[in-house]
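*Asks:* My questions all concern the structure below.
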Amino acid sequence: MKLIAFKRKNQLNPEIGVLTEQGAVPAVRCGITYPDMNTLIEKATAHEMDYLNRMANERRTPLEAGSYALMSPIPYPKQDVICLGLNYKEHIEEAESYSSDAFELQKQNAVYFSKRASYCPGSGETVSSHSGLTEKLDYEAELAVIIGKEACQVPEEDVKDYIFGYTVLNDLTARDVQTSHAQWYFGKSLDGFCPMGPCIVTADEVSWPPVLKIRSYVNGELRQESDTGMLIHGIGEIIAELSQGMRLMPGTIIATGTPKGTGMGMNPPVFLKPGDTVVCEIEGIGRLENTIV
């Protein structure tokens, strides 16, 4: 099932729904009245999810095209996004080539950092270039995992049961800010730097572990192309390790890292500028498109 958040024309409050082959079906038309995606993830039962899927695909009329705008499926995360750095081998190489001081990987353990995301833009929304602060704005297409129930000390073989679904995330980064500080938090966390979407695909729709093609384009030019089977630290390992020392609550977003092909990896590096359009896409989930302003 593909779950979405959207806003109808002339309405202030967003709604949640299901994206079907016929179009977007509001959850309220299916008798599901949770106010937002975070609440749905936390409280919906398996029976309610099955009912929502069946009703949306069989019995409910979708919204008219043009009568609504998609948002990020979780526009307002409850907490910072957990991110994996340097989790594709060839991306490590291009990062070290760009700045060995900032990106040299000296250990084999996973690299974790967090990303402030008070609001996550959805597909079709613009993102500020923050031109007064950064001149080296970069893109990173990533598979994001959404936790579905409280995870504490979860064995790796059980991780699948704790995943609600998956979405596309663009880990936008101010490279000059990132590399000028001893940590990455500021350069990763400028307002608007966490676009997500266009939907959450529920975990039952995706093979385990996910092996999905992942790509990014800038102004139509292919920049990144890989698949999530190339992760150095897989999703099972990541969630099992994190849950040994911290409780991962429902709605937690984990961005699993980006493959090679970022702007800093080009020779010479090429960074985003106002007017550029970035598309991040993952097989089976969809396309996340944002224009820099």
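*Asks:* Considering each residue of segment 239-268, count those that are open to solvent by 20 Å² or more (accessible area, probe 1.4 Å) and either acidic (D, E) or over 18 Å from the mean Cα position of the chain (by Cα) (or both), and give that number. Quick ask: steps written out before the conclusion?
*Replies:* To start, the set of residues in segment 239-268 that are open to solvent by 20 Å² or more (accessible area, probe 1.4 Å) comprises 241, 244-247, 249-250, 260, 265-268.
With the extra rule that they be either acidic (D, E) or over 18 Å from the mean Cα position of the chain (by Cα) (or both), the set shrinks to 241, 244-247, 265-268.
Looking only at that region, the number is 9.
*Asks:* Identify the residue in segment 130-167 that is aliphatic (A, V, I, L, M) and more than 15 Å from the chain's Cα centre (by Cα) and, among all such residues, is nearest to D204 (Cα to Cα). Give the derivation first.
*Replies:* Taking segment 130-167 first, the residues aliphatic (A, V, I, L, M) are 133, 137, 141, 143-147, 151, 154, 159, 163.
If we keep only those that are more than 15 Å from the chain's Cα centre (by Cα) as well, we get 133, 137, 151, 154, 159.
Working: L133: 42, L137: 35, A151: 18, V154: 19, V159: 13 Å.
Per the stated criteria, the residue is V159.
*Asks:* For segment 1-51, enumerate the residues that are open to solvent by less than 60 Å² (accessible area, probe 1.4 Å) and among the polar types (S, T, N, Q).
*Replies:* Matches in segment 1-51: T20, N38, T39.
*Asks:* Could you pull out the residue among C152, C199, C194 that is out of contact with any Gly (no Cβ under 9 Å at 6 or more places or on another chain) and closer than 18 Å to E281 by Cα? Break it down stepwise before answering.
*Replies:* On the way: C152 fails: closer than 18 Å to E281 by Cα; C199 fails: out of contact with any Gly (no Cβ under 9 Å at 6 or more places or on another chain).
Step by step, each of C152, C199, C194 is checked, and only C194 is out of contact with any Gly (no Cβ under 9 Å at 6 or more places or on another chain) and closer than 18 Å to E281 by Cα.
*Asks:* What is the residue count in segment 92-127 for residues that are hydroxyl-bearing (S, T, Y) and modelled with pLDDT under 90?
*Replies:* Total satisfying the criteria: 4.
*Asks:* Out of the strands (runs of 3 or more DSSP E) lying entirely within segment 141-243, which hold 1 or more residues that are hydroxyl-bearing (S, T, Y)?
*Replies:* Because the criterion is at least 1 residues that are hydroxyl-bearing (S, T, Y), the strands (runs of 3 or more DSSP E) in segment 141-243 that meet it are 163-170, 196-202, 213-218, 221-227.
*Asks:* Another question about this same structure. Taking the residues in segment 269-293 that are within 30 Å of S207 (Cβ to Cβ) and in contact with a Lys or Arg (Cβ under 6 Å, 6 or more places away or on another chain) as candidates, determine which candidate is least open to solvent (accessible area, probe 1.4 Å). Can you show your working first?
*Replies:* First pass over segment 269-293, keeping only residues within 30 Å of S207 (Cβ to Cβ): 278-290.
Narrowing the set further to residues that are in contact with a Lys or Arg (Cβ under 6 Å, 6 or more places away or on another chain) leaves 279, 281, 283.
On the way: V279: 11, E281: 31, E283: 92 Å².
The extreme case among them is V279.
*Asks:* Residues of segment 194-217 being among the polar types (S, T, N, Q) and crowded, with 23+ Cβ neighbours inside 10 Å, which ones?
*Replies:* S216
*Asks:* Using the structure shown, decide if L172 is in contact with a Phe, Trp or Tyr (Cβ under 7 Å, 6 or more places away or on another chain), modelled with pLDDT of 95 or more and surrounded by 19 or more Cβ atoms within 10 Å (Cβ to Cβ).
*Replies:* Numbers: in contact with a Phe, Trp or Tyr (Cβ under 7 Å, 6 or more places away or on another chain): yes; modelled with pLDDT of 95 or more: yes; surrounded by 19 or more Cβ atoms within 10 Å (Cβ to Cβ): yes.
Against the criterion (in contact with a Phe, Trp or Tyr (Cβ under 7 Å, 6 or more places away or on another chain), modelled with pLDDT of 95 or more and surrounded by 19 or more Cβ atoms within 10 Å (Cβ to Cβ)), L172 qualifies.
*Asks:* Select from segment 52-71 the residues that are under 25 Å from K149 (Cα atoms) and part of a helix (DSSP H, G or I) and write down the one among them that is most open to solvent (accessible area, probe 1.4 Å).
*Replies:* In the first step, residues of segment 52-71 are kept if they are under 25 Å from K149 (Cα atoms); the result is 52-56, 71.
From what is left, the residues that are part of a helix (DSSP H, G or I) are 52-56.
On the way: L52: 3, N53: 50, R54: 102, M55: 8, A56: 3 Å².
The selected residue is R54.
*Asks:* Considering only residues that are in contact (Cβ under 8 Å) with a residue 24 or more places away in the chain and of a type outside the set (A, V, I, L, M), which ones fall in segment 22-42? Give the derivation first.
*Replies:* Of the residues in segment 22-42, the ones in contact (Cβ under 8 Å) with a residue 24 or more places away in the chain are 22-27, 29-31, 36-38, 40-42.
Result: Q22, G23, P26, R29, C30, G31, D36, N38, E42.
Yes/no per residue for (1) surrounded by 17 or more Cβ atoms within 10 Å (Cβ to Cβ); (2) not polar (S, T, N, Q):
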site: S118; (1), (2): no, no
site: S129; (1), (2): yes, no
site: L133; (1), (2): no, yes
site: L137; (1), (2): yes, yes
site: E142; (1), (2): yes, yes
site: I146; (1), (2): yes, yes
site: E150; (1), (2): no, yes
site: E157; (1), (2): no, yes
site: D161; (1), (2): no, yes
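*Asks:* Quick check on segment 269-284: of everything there that is in a loop (DSSP other than H, G, I, E, B), under 18 Å from L222 (Cβ atoms) and not acidic (D, E), which residue is nearest to the chain's Cα centre (by Cα)?
*Replies:* Of the residues in segment 269-284, the ones in a loop (DSSP other than H, G, I, E, B) are 269-271, 273-276, 283-284.
Now narrow it down to the ones that are under 18 Å from L222 (Cβ atoms): 269-271, 276, 283.
Among the residues that remain, those that are also not acidic (D, E) are: 269-271.
On the way: P269: 24, V270: 23, F271: 21 Å.
This residue is F271.
The values are calculated or read from the model by the stated rules, or taken from the named source; none is laboratory data. Computed from a prediction, not measured in an experiment: that's the story for all the values here. Glycine also receives a Cβ, built like all others from the backbone with ideal geometry; neighbour counts cover every protein chain displayed. Surface accessibility is based on the protein's heavy atoms, side chains included, excluding ligands, DNA and RNA. Shrake-Rupley method; radii C 1.70, N 1.55, O 1.52, S 1.80 Å.
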